[in-house]
1. Amide H neighbours of ILE98 under 5 Å, counting only residues 5+ apart in sequence or on other chains, H built in-plane at 1.01 Å?
2. Around LEU94, with a cut-off of 9 angstrom between Cβ atoms, what is the net charge of the other residues, counting Lys and Arg +1 and Asp and Glu -1?
Amino acid sequence: MSVRGKRPGGFVPVGKVVEGLLKTCRPEAAGKLGQIWDIWDQAVGEAIGQVAIPVAFKGRLLLVNVTSSTWLHHLQFLKQDVIVKVNQVLGEPLVADIRFRIGQHR
């Protein structure tokens, strides 16, 4: 996929680039996994969506950056609920685990 697209300045959103890469590497799950960036806020809610963002997949492990150690600790307790909600919105149990880490966010 080209880096240039229909966005102002000629750039494509990161989610679209990742979706294209997923289709190349994992065509069977690409459509659904590529939707994670689009459905994340719907699945986790606005409060968590403001402090946590999915950044990558490793198999069925979803890597999520969070804004602080406080949120990282809090989300560890909510991990199973987040997995269930994400899989419900995706319509399939594609995410088996989530690893939260402190990192860049939006």
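Read-outs throughout are calculated quantities, based only on the coordinates presented, and are distinct from any laboratory measurement. The shown structure was predicted, so the numbers you read here are calculated from the model rather than taken from an experiment. Virtual Cβ from ideal backbone geometry, glycine too; neighbours counted across all protein chains shown.
1. Excluding prolines and chain starts, which carry no amide H, the hits are LEU62.
2. Net charge in that neighbourhood comes out at +1.
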